[in-house]
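Asks: Mind looking over this structure? Questions follow.
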Amino acid sequence: MPEANRSPLEAVDLHIHTNCSDGLLRPEEVVLKAKELGLVAVGIADHDSVSGIEQAILTGGANGVEVVPAVELSCIHNNNDIHILGYYLDYQNQELLDFLSSVQEKRLERAHKIVGKLSEQGINIDVERVLELSAGASVGRPHIAQALLEQGYVNSFSEAFWKFIGYHCPAYVPKMEISPLEAINLIKKFSGIPILAHPGSYHSDDLIYILIEAGILGLEVWHPEHSSNASDHYLEICQKNGLLVTGGSDCHGGRKGKIFMGEVRVPYHYLAELKKKRFGA
Ligand code: AMP
Ligand code: FE
Ligand code: FE
Ligand code: ZN
């Protein structure tokens with residue numbers, strides 16, 4: 001169906017990971033699953049990677065699912081991990097690709113460091129297995145958690161985080177440190193629209209106002225970790241401050257126990273607003 005004919009109430013999911021970062025589904029599988037679930041558009045928002053977008057667009061084109069190119073950048077603010085989504089950024093721009101490659105390299109170094117810290121504690125996982133699990137994608141702690149689970153050091157994925165690799169845990173290693181301001185400016189430099197991912201994770205409205213000052217253009221109002229009261233609260237902040245509104249399932253393809261895709265259904269109307277911003281209408 002041509003985009004212009006979309007009903008404002010049709011459902012979209014603007015935050016999905018593929019196996020190009022720490023999701024389990026390939027980009028084409030994400031798109032086909034979205035179609036099966038009745039979603040008319042999906043945002044492919046891998047951590048620090050845009051490499052799944054092209055395949056998703058191809059599959060989407062053949063199956064009538066609109067694909068919104070995006071990225072989810074990690075940044076550090078006052079020692080907290082803040083995620084910023086960049087929608088419609090120019091994912092083919094060479095300078096952006098070079099920047100993301102440098103992030104991948106840092107992630108690789110970090111994976112080695114985490115495995116080293118684990119081995120100091122008598123936990124011996126094979127870094128080669130971690131890299132095999134990440135299969136050339138943006139390597140992250142979920143791949144390490146999977147290796148720990150496989151080798152019986154933990155009984156669940158989340159145990160790996162609270163025992164070993166989560167924030168403040170013995171084998172925690174931070175990622176490359178860019179500030180939210182740098183992430184926002186980077187996204188804008190490549191014509192993207194910066195949106196604060198899952199604001200509920202940071203437990204601070206002050207942070208939202210700091211990021212508005214820094215140039216954030218919207219909030220991810222709907223997310224599986226937001227209660228309906230929290231979503232109402234963020235929606236109100238958006239309305240009062242003229243911010244864009246997005247939402248998504250943060251699907252990792254079942255890595256977090258269930259798929260999540262389809263559980264957050266955002267009316268197409270909000271995507272239409274995002275697109276207007278992109279086209280400067
Ligand atoms: P990284 O980007 O390598 O720091 O890994 C962060 C990713 O790990 C997040 O995007 C989640 O997918 C996952 N993650 C972080 N904390 C947890 C947790 N406590 N339980 C399960 N998954 C988590
Ligand atoms: Fe993730
Ligand atoms: Fe996130
Ligand atoms: Zn995410």
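Asks: Check every DSSP H run in the chain and write down those whose alpha carbon atoms cover 24 angstrom or more along the long axis and whose mean Kyte-Doolittle hydropathy is -1.0 or greater.
Replies: Taking the DSSP H segments of the chain (at least 24 Å long, mean hydropathy at least -1.0), we get 94-120.
Asks: About the Cα centre of the chain, how large is the charge dipole given +1 on each Lys and Arg Cβ and -1 on each Asp and Glu Cβ? Please answer in debye to the nearest 20.
Replies: 120 debye
Asks: Just the projected area, averaged over all directions, of the convex hull on the alpha carbon atoms of the chain: how many nm²?
Replies: Details: hull surface 56.1 nm².
Mean projected area for the chain: 14.0 nm², to one decimal.
Asks: For the chain, what is the relative contact order in percent, using Cα pairs closer than 8 Å and at least 6 residues apart in sequence?
Replies: This gives 23 percent for the chain.
Asks: Can you compute the modelled spin-label distance between SER227 and GLU54, with each label point 7 Å from Cα toward Cβ, in nm?
Replies: Computed distance between label sites SER227 and GLU54 equals 4.6 nm.
Asks: Let me ask something additional. Most exposed first by the Cβ proxy, i.e. fewest other Cβ within 10 Å, how do TYR153, TYR167 rank?
Replies: The most exposed by this proxy come first: TYR167, TYR153.
Asks: Add -39500 (n - 2.57) for each DSSP H run of 4 or more in the chain, then divide by its residues: what number comes out at 222 nm, to the nearest 500 deg cm²/dmol?
Replies: Rounded to the nearest 500, the figure is -12500 deg cm²/dmol.
Asks: Using a 10 Å cut-off around each Cβ, can you sort THR59, THR246 from fewest to most neighbouring Cβ atoms?
Replies: Least to most surrounded, the residues fall as THR59, THR246.
Asks: Suppose R0 equals 41 Å. What FRET efficiency, 1/(1 + (r/R0)^6) with r the Cβ-Cβ distance, do TRP162 and SER7 give to the nearest 0.05?
Replies: 0.45
Asks: Could you line up ASP250, ASP81, ASP98 from fewest to most neighbouring Cβ atoms inside 10 Å?
Replies: Numbers: ASP250 25, ASP81 13, ASP98 9.
Ranking ASP250, ASP81, ASP98 by Cβ neighbours within 10 Å, fewest first, gives ASP98, ASP81, ASP250.
Asks: Moving to a separate point now. Measure out, as a whole number of angstrom, how far apart the alpha-carbon centroids of region 111-176 and region 179-237 sit.
Replies: Answer, in whole Å: 28.
Asks: Among 10-22, 253-265, 122-134, how do they line up by average Cβ neighbours within 10 Å per residue, starting with the highest?
Replies: Working: 10-22: 25.9, 253-265: 17.4, 122-134: 15.8.
With the highest mean Cβ count within 10 Å placed first, the list reads 10-22, 253-265, 122-134.
Asks: Over region 100-165, calculate the relative contact order: mean separation of alpha carbon pairs under 8 Å at least 6 apart, over the residue count, as a percent. Kindly include the intermediate steps, with their values, before the conclusion.
Replies: On the way: 54 pairs, mean separation 18.3, N = 66.
Worked out over region 100-165, it gives 28 percent.
Asks: Further question on the same structure: Using a cut-off of 17 Å between alpha-carbon atoms, which aspartates and glutamates can reach LYS163, once sequence neighbours fewer than 8 places away in the same chain are excluded?
Replies: Within the straight-line cut-off, LYS163 pairs with GLU120, GLU150.
Asks: Non-local amide H neighbours of VAL68 (under 5 Å, H modeled in plane, Pro and chain starts lacking H): which ones?
Replies: Those qualifying (amide H under 5 Å, at least 5 residues apart or on another chain) are VAL42, GLY43, ILE44.
Every number in this text was worked out from the coordinates using simple rules, so none of it is lab data. These numbers come from a predicted model, not from an experiment. Virtual Cβ from ideal backbone geometry, glycine too; neighbours counted across all protein chains shown.
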